[in-house]
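A short write-up of the structure that comes next.
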Amino acid sequence: MSATSTLVNRTVITAWSAVSPFGIGRAAFAEGLRERRVAEAPLEREPWQAAAETACLVPDFDIRAVLGKKGTRSMDRATGLAVTTVSRLLDDSPRNRQVATGEDSALVLGTTTGSVQSQMDFTRDSFTGEKPYFVDPARFPNAVMNCAAGQSAIWHQLKGANTTIAGGHAAGLYALNYSRRLLNFGRARTVLCGAVEEFSHARSWLDKHSHTPETDGAALPAGEGCGLLLIERADADDPDQPVLAELLAVQMGIALGGDVRTALASCVERALRRAEVRPEELWAVSTSEAPGPIGEQEQAVVESATVGAKPRHLTQTALLGDTVAASAAFQVAGVLVHAEDDPSAAGRVALVTSVDRDGAVGCALLRLRGPALA
C-alpha cells in the first residue's frame with residue numbers, strides 16, 4: 001500500500017484518552033511516557049491488604065472525588081476507571097462529544113473478567129449476609145462482566161451498540177477488531193474502543209496463586225487503568241476530522257499447546273500481506289513485553305518479521321506494570337504519543353502485538369498521520 005493511498009471508507013483513529021498509573025487524561029499519559037516515569041509505588045496495608053507490597057495504581061483515584069457523589073455510591077473501581085476515561089475523551093474537544101454520543105455511537109470495551117473484586121464480594125455476601133436479603137441488590141450489576149461498558153454508556157448517553165469482550169492481555173486488540181467490523185457493516189457511525197483493568201485485593205491474591213515462575217517468568221507489578229480510542233470511518237467531506245492513524249489491519253489467533261510463535265507469526269504475516277505493507281515501511285513495533293517463554297516467542301516473531309528493517313522498539317511495561325486487559329490499548333496510545341514526537345513516523349506503519357498466557361494472540365497495523373493521512 002503506497003503512502004499516498006486514499007482514505008475513503010477506511011477506518012481511522014481520531015482521538016484517544018487514558019486513565020493510567022501516570023494519571024488521569026491523555027496529557028498525563030503522554031507526559032509520563034515521555035519522562036519514562038516508573039509508576040510502581042508501595043501499597044498501603046489498608047485498604048488493600050494485597051498479596052504484593054507494590055503496584056502501579058492510578059494516583060489518588062477516588063471515584064466520588066472524580067465523578068461526584070451522584071450515581072457512584074455502589075460503583076466499583078473498574079467501572080469508575082472506564083466512566084472517567086470516556087468522560088475525559090469526550091471533554092477533550094467539542095467535536096469528540098458531538099460525533100461520539102447519540103444513537104449511532106457504540107462502545108466496545110475489553111476486559112479480563114470484569115471486576116474480580118465485585119464478583120468475589122457479591123458471592124461472599126450471599127453466604128454471610130443476614131436474612132432475608134443476604135446481599136445488597138444495588139451491587140449486583142458490578143458482578144457481571146459488562147457492568148463497566150453499560151454504566152459508561154448510561155452515564156454518557158451512548159445509545160448505539162454496547163459490547164464487552166474478554167481477552168486478557170489481547171482484549172484491546174479484540175475490541176479494536178470488533179469496532180472495525182461495527183463500522184464496516186454500518187452498525188455504528190463512531191465507536192469508542194478500549195479496555196479496562198482494575199487493581200484490587202482480590203486480583204492481587206489471584207495473581208499470586210496463579211503465577212508459576214517456571215512458565216510465566218518473573219512476576220511484574222500489577223498495574224491498572226483504561227485506554228480508549230475514538231474510531232471512525234474516514235470522511236473526506238469532514239475537514240475537521242483529526243486523523244491520527246489509519247487502522248490497516250487487525251489479526252487475531254489462538255496459540256494451541258503453548259505454540260505462541262506459530263500462531264502470532266501467522267497473524268503478523270496475514271496482517272502485512274492484507275495491508276500490503278513491506279517490512280521496511282515499519283517505523284515502530286510495540287510488543288506486550290510478556291515475561292517468560294511466551295514473551296521470548298513474541299520477540300522472536302517480531303525479529304523475524306522485521307528482518308531488513310530497523311523499526312523503533314517502543315516499551316512501557318516496565319513503567320506501567322502488568323495492566324492486563326488495558327495493556328494493548330495502552331500500547332496503541334503509546335504508539336500515538338511517540339509518533340507525535342517523531343517526524344520520521346509520518347506516513348509510516350507501526351506494528352502492535354499482544355500475547356496472553358491463556359493462548360490469545362494478535363496484532364494490529366497502524367499507518368501514522370502524515371502526508372497520506374492529511
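Placing unit charges on the Cβ atoms of the charged side chains and taking the dipole of the chain about its Cα centre, the candidate lying farthest along the positive direction among Ala51, Gly71, Phe199 is Gly71. Relative contact order of the range 21-177: 24 percent, from C-alpha pairs under 8 Å at least 6 residues apart in sequence. Show log10 I(q)/I(0) for the range 36-91 at q = 0.17, 0.20, 0.30, 0.31 Å⁻¹, two decimals, from a solvent-free Debye sum over equal Cα scatterers. Result of the Debye calculation: -0.69, -0.88, -1.18, -1.21. Comparing Ser152, Ile24, Pro42 along the charge dipole axis of the chain, the residue lying farthest to the positive side is Ser152, per the Cβ-charge model. Distance between the C-alpha centres of the range 224-294 and the range 297-374: 7 Å, rounded to the whole angstrom.
About its Cα centre, what dipole magnitude does the chain give when the only charges are +1 on Lys and Arg Cβ and -1 on Asp and Glu Cβ, stated in debye to the nearest 20? Provide the component values of the computation, followed by the final result.
Values: 36 positive and 44 negative charges, 178 e Å.
So the dipole magnitude of the chain works out to roughly 860 debye.
The value of relative contact order for the range 259-361, using C-alpha pairs under 8 Å at least six residues apart, is 41 percent.
Explain nothing, just the number: relative contact order of the chain, from Cα pairs under 8 Å at least 6 residues apart, as a whole percent. Here the relative contact order equals 24 percent.
Using all pairs of distinct alpha-carbon atoms, the Kirkwood hydrodynamic radius of the range 190-323 works out to 17.5 angstrom. Using the rule -39500 (n - 2.57) for each DSSP H run of four or more residues, divided by the residues of the chain, the 222 nm mean residue ellipticity is -11000 deg cm²/dmol. Counting chymotrypsin sites (Phe, Trp or Tyr not before Pro) as exposed when in a DSSP loop with at most 15 other beta carbons within 10 Å, what is the longest stretch of the chain free of them? Answer from the scan: 186-374. Legend: P(r) of the range 278-327 from all alpha carbon pair distances, 5 Å bins from 0, whole percents, reading 4, 20, 27, 23, 15, 9, 1. Separation of the range 164-194 from the range 60-80 is 25 Å, based on Cα centroids.
Only protein atoms count toward the accessible area here, which uses a 1.4 Å probe; on the range 252-374, the carbon and sulfur part of that area reaches 51 percent. Surface composition of the range 161-213: carbon and sulfur atoms hold 53% of the protein heavy-atom accessible area at a 1.4 Å probe. Roughly what percent of Cα-Cα pairs across the range 1-113 reach past 22 Å? Result for the distance tail: 50 percent.
Straightening the chain between Thr128 and Trp205 buys 25.6 nm, computed as 0.36 nm per residue apart minus the Cα-Cα spacing. Protein heavy-atom accessible surface, 1.4 Å probe, per residue over the chain: 44 Å². Here is the list for the range 243-331: GluC sites (Glu not before Pro) lying in DSSP coil, each with at most 16 other C-beta atoms within 10 angstrom of its C-beta, are Glu276. Students often get this wrong, so try it: which of (i) 51; (ii) 26; (iii) 38 is percent of Cα pairs over 33 Å apart as calculated from the structure shown? The listed entry that was calculated here is (ii).
The values are calculated or read from the model by the stated rules, or taken from the named source; none is laboratory data. The structure displayed is predicted, hence computed values, not measured ones. Here the Cβ is made from the backbone with ideal geometry for all residues, glycine too, and neighbour counts use every protein chain on show. Areas reflect the complete protein model, heavy atoms only, side chains present, ligands, DNA and RNA absent. Shrake-Rupley method; radii C 1.70, N 1.55, O 1.52, S 1.80 Å.
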